[in-house]
């Protein structure tokens, strides 16, 4: 079983978005970074499949030099190898997909390609799908359930009113959502092993963007001035009164 | 401009897509029937002549339009809130940050950001299509939910949600109690699911469920941006928190300051009292 | 948002910061009768997001510092009273032989400060208590059963709420201080996001933010925020059945600078081993921006690599289990100071602006009480002189100094720090005018108050041959570290002929004006109404009659008194005098430290040397002891003061700093035919004074002992009033509870035959090996230790209970786990060398 998982390095934000002076990025001076949440579940799922069935998990990222941290995080979860497409610039979804396709080709043949449904920061919802077209593979998105056996993948998507199930032959591309599993916390030996592994780093040139970021903007607060219904349990009658007026009671 | 809009139903997300489409030009609307097969539905859309293609900001809307963009090798801007010629304003970080971007293509592909602007008053004439699926990947089976009659988070009219302030898995008993009284659903923040106090299916947030109830009650939730991204669709938000400066209050319509472990049961008691009279 | 309190327009005092310190302080102020108190924090309650909020919360009481141990024991008492202390025991483990020796030192310190329940364990015994430890990796452990963890947030809340219940305190969270108003260098009020408050007393308890707040008032709180990494792993199978938060002893892996403690079902692992990561107080993220809290910063994984290996080596049973995952990891922020001690007291720059910063959870409540007492009574029950914020010289408050020393000190948090160990960073800031000559002579420079002072001179190595067997060598590496036998040789040369000493580190200031006499009279125990040219050595007392300082005052005129005090406490002394200037402005203080330099000249031939340099009368009759006058040497007008801290005939010679080098050369040349040698502080500060049983501040003289106990109640009590007078009079009328004695070591032989030499702070025991306690519960310990080359003995000083304070009494001193016989040589201030003081008065 050979599985390639794509991950992206994203900042862990607090309660407030602060931009750099040039409005091109979030001010990350005090922020930590992590693997985008959907993708963390993707790595965990891939590792579980390979733990059960044997094989190899390769983790792949397109990002700055520091993104090596996220590759090592992935290897601490159990990924076997890591490929780092190194670029300091921000790439749009179309360009990202193109670079990933090329890197993944060097890993073919493979059985499964795992993406996050959308990245926590840019939220473009398309990289996994574009890569599938680039490689001529079927794709199912937004998975909350995945079972791989006998050269096929049984995929579950949450939809209003229940779950939709897809059944596709491998190799295939899937995009997953947080909730697919609860990722493990890496153990100390796992981290030490991961830190000793070599990472295959390759420089990449960003093509001209087709969806070109001009600037970022922090949306105005709605200017909400919350109406204080009271302090402590004494506020209960006022709360129920409000509920009645809203018609939810 | 000729604009084609994909609609799913007469709900808010589709009406918002319609509203966005109508700002761009003459709009025709299409709806697909039959088994969901995104690549096939996309092929149908891709084969039509349009200058701009707009879809709803739902899972399927985003998926189908991404397929179209991949098939036609066009850029695709998801969760757009405004279009100005070649420039768009779209959402990042679940809507807590915006991006202004330029689309370098003649033909535009957008999905509209949910709850970002007023939906159209009504649907225009909608063409119903049942496309040829060919060998496209499609839904094989539909599973009904095993909720034991509980209200689903995505559909609930009222959501009672707990965060770090609830402090334990047992602490959610009072949250469940209030949710039951209101015939609503229980939600929680990502801190809670990471701690293992509630399953991920209860998680409201950017990477959890995005909810749009009439009333969202946030108990002991500080208001991190990724959580706000999940509940900003609520019509009204009541925040209950011991810290009067918690970020959540900047997003709230109503506030109660104090210890949720006292306040939430008091509200439940008051509700029971109101019902008896 | 609705407020529980009305915003006050004025307050008796405003405490800024609701961490462990601010909360404790507010409570103790209320207990001491303060009301109209305001407590402010820019964050929410109960956890405003400072260091207290993520602290490891464990307390190991044993410390090499008496003061810190006292503060910790007091804090533990308060934590226990509040019901937030859980005893777990703690073990400091050793991986090296050097560390095993250090653990012996810990045992001794424990005994010296009255902590008796400690013991040294074998690896097998450690494993019995901590079953998941890998015993093959350790050589032993130092076990303190009374170690425990506390809920510091809960304590703070209880303390704060008690003060509120008393009606003494109003609390405002989510309120940020924007400015502090100061006029004529006094606090007038504060400005906040919620409004202004008029007050003349502000206490900064802001932890890592303290420098920023102090700067608003134009004052300095010299600390730097620094990172301390910690991770939490779990769930740990060994802890599955634990009820509560901790059942196994906390382990401090000293040699790797790490600790491991149980935290419920998880194991918390912390480190002080990484590279120092310093932050800027002006750039700490706000509560809103931070993902967790302003002092829980993102973990930098690459700094924790070695630590993971070290932890794995010590606790493989837990950490090798792949199901034990890393659930929490932060770079936690805490406060570091240049000398590793807290910053307490009124700032010297602004009256009414107090600091209670750089305090660890283990000292918090104790500090709260002590600072509250200080604010109320002018002094505290526990001596805080080593934490006094007034102790810093200007250069020590600089960002560069604070950061470089904090960085250097950080990796020594669990380090083995020799009592005489020298700092390496930021040296050579204050160089005396004699510096070039000293370098040429091979001076071994030690730093004090920022000054580079020769401890001894390598060029004096030739004296080792000259004095041969009379110079004691030290065989053990630890005893001989930061020392040289040359010190003893210089001492002998001085006593035989004469030596010169660089005394530039003196802090010198003049008290002038019509009110000068009143000022010095008030501060000094001894009579200051003396003739011009008189030099008075005097203790400076606290209200309770114990020691605030000891120093020398030269009366230069009716309106001019020159105070000369040791560099180490000079700045605190300066503030004390300044605080006692008359309110009518009739006296002023001028700091002349950088205007004058001092050269000491002492020895039997000192007069011969000086007479060759000047036409002025320097005979015994012409220039009596304890007087000063200006004499002319070459073209220099030198203020000569005939006193001696080494017990020899001689003078302190004061000249303007720019003339120092010339003075050195003149004295050097005149001294050559007399065999004059340069001698270092090894002689001046230790061997010379110990042979004369001269007491030293912060060694024998501190706030714990009074003048009678110190054997310094000479002559009559002067008539004019002075600080501490009534207490002193009372002490004179009572039998002392302890007596300061000088002892000599009878036999230095250790078990393996090596001769060992005590360095100070060792416990003094009875012949049967029992601790000696006086009626106030104070333990006997060595306050000073050093060689007495002229008498051929190693000398120790110690306070003893009166029943043991007999000349000839045989006792023991415990040093690195072994006991050595000692004998009481004197039980008053009679010197062990030249008891008649003939040399000084010759």
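Computed from the coordinates by the stated procedures, all read-outs in this text should not be read as laboratory data. Only a predicted model underlies this, so the values are computations on that prediction, with no experimental measurement involved. With ideal geometry, Cβ positions are generated from the backbone for all residues, glycine too; neighbour counts draw on all protein chains shown.
Rounded to the nearest 5, what % of DSSP beta bridges with both residues in the stretch B:2-129 are antiparallel?
Looking only at bridges with both residues in the stretch B:2-129, the antiparallel portion is about 35 percent.
Could you list the square roots of 5 times each eigenvalue of the Cα gyration tensor of the stretch A:2-203, that is, the equivalent ellipsoid semi-axes, sorted largest first and rounded to whole Å?
25, 20, 17
Please list log₁₀ I(q)/I(0) at q = 0.04, 0.06, 0.09 Å⁻¹ for the protein assembly as shown, using the Debye equation with identical point scatterers on the alpha-carbon positions.
Computed log10 I(q)/I(0) values: -0.32, -0.66, -1.17.
Mind sorting C:508, C:631 by how few other Cβ atoms lie within 10 Å of their own Cβ, fewest first? Show your work: numbers first, answer last.
Values: C:508 24, C:631 20.
Going from least to most buried by this count: C:631, C:508.
Can you give the Rg/Rh ratio of the stretch A:120-203, where Rg is from the C-alpha atoms and Rh is the Kirkwood radius? All intermediate terms of the calculation are to be shown ahead of the outcome.
On the way: Rg = 16.2 Å, Rh = 15.4 Å.
Rounded to two decimals, Rg over Rh is 1.05.
Using alpha carbons only, how many angstrom separate the centre of the stretch C:798-833 from the centre of the stretch C:78-94?
35
Suppose we keep just the alpha-carbon trace of the stretch B:158-276; what are its Rg and Dmax in angstrom?
My reading of the Cα-based Rg and Dmax gives 12.8, 40 Å.
Compactness ratio of the stretch C:327-429: Cα Rg over 2.2 N^0.38 Å, N = residue count?
1.19
Stokes-Einstein D for the stretch C:405-540 at 37 °C, 0.692 mPa s, Kirkwood Rh over Cα pairs, in µm²/s?
Here the translational diffusion coefficient equals 176 µm²/s.
How far is the Cα center of the stretch B:121-188 from the Cα center of the stretch A:1-56, in Å?
26
Helix C:570-579: angle to the longest alpha-carbon principal axis of chain C, degrees 0 to 90, nearest 10?
It is inclined by approximately 90 degrees.
Which of C:467, C:410, C:697 comes first, and how do the rest follow, when ranked by fewest Cβ neighbours within 10 Å?
C:467, C:697, C:410
Nearest 10 degrees, 0 to 90: what angle lies between the long axis of helix C:20-31 and the longest principal axis of chain C (Cα atoms)?
80
Using only the alpha carbons of the stretch C:43-87, what is the convex hull's orientation-averaged projected area in square nanometres?
Numbers: hull surface 15.8 nm².
In nm², the orientation-averaged hull projection of the stretch C:43-87 is 4.0.
At 222 nm, what helix-only mean residue ellipticity would chain C give, in deg cm²/dmol to the nearest 500, using -39500 (n - 2.57) for each DSSP H run of four or more?
-6500 deg cm²/dmol
Find the centroid of the Cα atoms in the stretch B:41-87 and in the stretch A:173-225, then give the distance between the two in whole Å.
24
Once the convex hull of the alpha carbons of the stretch C:508-561 is built, what does its volume come to per residue, in cubic angstrom?
67
Let me check against my output: what whole-number percent is the relative contact order of chain C, with C-alpha pairs under 8 Å and at least 6 apart?
11
If I fit a long axis through the Cα atoms of helix C:399-410 and take the longest principal axis of the Cα atoms of chain C, what angle between them do I get, 0 to 90°, rounded to 10?
Between helix and principal axis, roughly 70 degrees.
Just need the Rg to Rh number for the stretch C:436-516, please, alpha carbons only, Kirkwood Rh.
Reported Rg/Rh (Cα atoms, Kirkwood Rh): 1.13.
Is it possible to state the helix-based mean residue ellipticity at 222 nm for chain A, with each DSSP H run of 4+ residues giving -39500 (n - 2.57), the sum divided by total residues, to the nearest 500 deg cm²/dmol? What is it?
Result for chain A: -8500 deg cm²/dmol, rounded to the nearest 500.
Ignoring everything except DSSP H segments at least 4 long, calculate the 222 nm mean residue ellipticity for chain B; use -39,500 (n - 2.57) per segment, divide by total residues, nearest 500.
Result for chain B, helices only: -8000 deg cm²/dmol.
Rounded to the nearest 5, what is the percent of antiparallel bridges among the DSSP beta bridges in the protein assembly as shown?
Within the protein assembly as shown, antiparallel bridges account for around 65 percent of the total.
Starting from the coordinates of the alpha-carbon atoms of chain B, obtain the Kirkwood hydrodynamic radius over all distinct pairs and give the value in Å to one decimal.
Values: mean 1/r = 0.0493 Å⁻¹.
After inverting the mean inverse Cα-Cα distance, the result is 20.3 Å.
Give the Debye-formula value of log10 I(q)/I(0) at each listed q (0.05 Å⁻¹), with one equal scatterer per alpha carbon of chain C, two decimals each.
-0.28
Please list the equivalent ellipsoid semi-axes of the stretch B:2-129, computed as the square roots of five times the alpha-carbon gyration tensor eigenvalues, in descending order and whole angstrom.
20, 17, 14
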